[in-house]
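Reading through the structure tokens given below for one structure.
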């Protein structure tokens, strides 16, 4: 019976080779990297990333990373560029071309057209003497000598190095622009960070007739009906001028029942919580969540500058919106 194949040994060798390829990038960072960053930072149009095969897949990811970190970018397939998509590139754009050999025919074919329109060209290649590198305004050398593939055929170490070089460009530009977490949120509105940094209380709160609210002279019985109808586990209590004077919650109800009070004839003002926590509609939902968590409460009333209730929300609203 043959010995089982040593998968872990192959995995370790692969990771070590790719790690070495990435580490070696430090030896190739030079003035061309600085020139590339200056070109990208000064770009008046869009950054166009192009590459064929596996380099193209890496190019797609680099374009996506640039776009999400403050540098508008998109990918153009070099084969499609030769059949009409060159029209997507303008003289105000900066082109990043990826090719391990620097001689990929589909990429080399469009280089004269890129140069003709005077669009700056940045290359990412393992061959600094290649056609692509020589045509570039800035050539980023990835210098990979050995692929992790034992046949030396499947792009592995080289594509990892391309990806890391692209990340280095994106992060250098991010820091140079002073790109902030708030900026990141605007390009990621569907993510949890985007929701935490963009959603306001006004986006989530219940308004109008959906706000649970009773006057201070309403009986406890009638107040319970309002709490049940609005299904937020609480209700606002207002004075004769419509200003908030208290809050009645499920917790207040439990304490009231322990006191053997006449629910039908006792006004809610006698059992409500007078000093309740409120927030303004304009604050971030994440800030409101912090208030709820720090005060160990499950619901909040939203008031205007005159302490009139304009909204209400609870933990379920936060959870539904993805703020939690």
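The values are calculated or read from the model by the stated rules, or taken from the named source; none is laboratory data. Remember, it's a predicted structure, so these values are computed and weren't measured experimentally. Quick reminder, even Gly has a Cβ in these numbers, built from the backbone with ideal geometry, and neighbours come from all protein chains shown.
Report yes if some residue within the stretch 151-159 is farther than 23 Å from residue 75 by Cβ and surrounded by 16 or more Cβ atoms within 10 Å (Cβ to Cβ); otherwise report no. No. For the stretch 271-281, the count of residues that are loosely packed, with under 15 Cβ neighbours inside 10 Å, modelled with pLDDT under 95 and farther than 30 Å from residue 319 by Cβ is zero. Inspect all residues belonging to the stretch 247-254 and state whether any of them is closer than 17 Å to residue 206 by Cα, without any contact (Cβ under 8 Å) to a residue 60 or more places away in the chain, surrounded by fewer than 19 Cβ atoms within 10 Å (Cβ to Cβ) and in the same structural domain as residue 306 (by TED's automatic domain parsing). No, the conditions are met nowhere in the stretch 247-254. Can you tell me how many residues within the stretch 177-190 are surrounded by fewer than 17 Cβ atoms within 10 Å (Cβ to Cβ) and either modelled with pLDDT of 75 or more or part of a helix (DSSP H, G or I) (or both)? Of the residues in the stretch 177-190, 7 are surrounded by fewer than 17 Cβ atoms within 10 Å (Cβ to Cβ) and either modelled with pLDDT of 75 or more or part of a helix (DSSP H, G or I) (or both). Of the residues 174, 193, 163, which is in a helix (DSSP H, G or I), surrounded by 19 or more Cβ atoms within 10 Å (Cβ to Cβ) and under 15 Å from the mean Cα position of the chain (by Cα)? When all the criteria are applied, what remains is 174.
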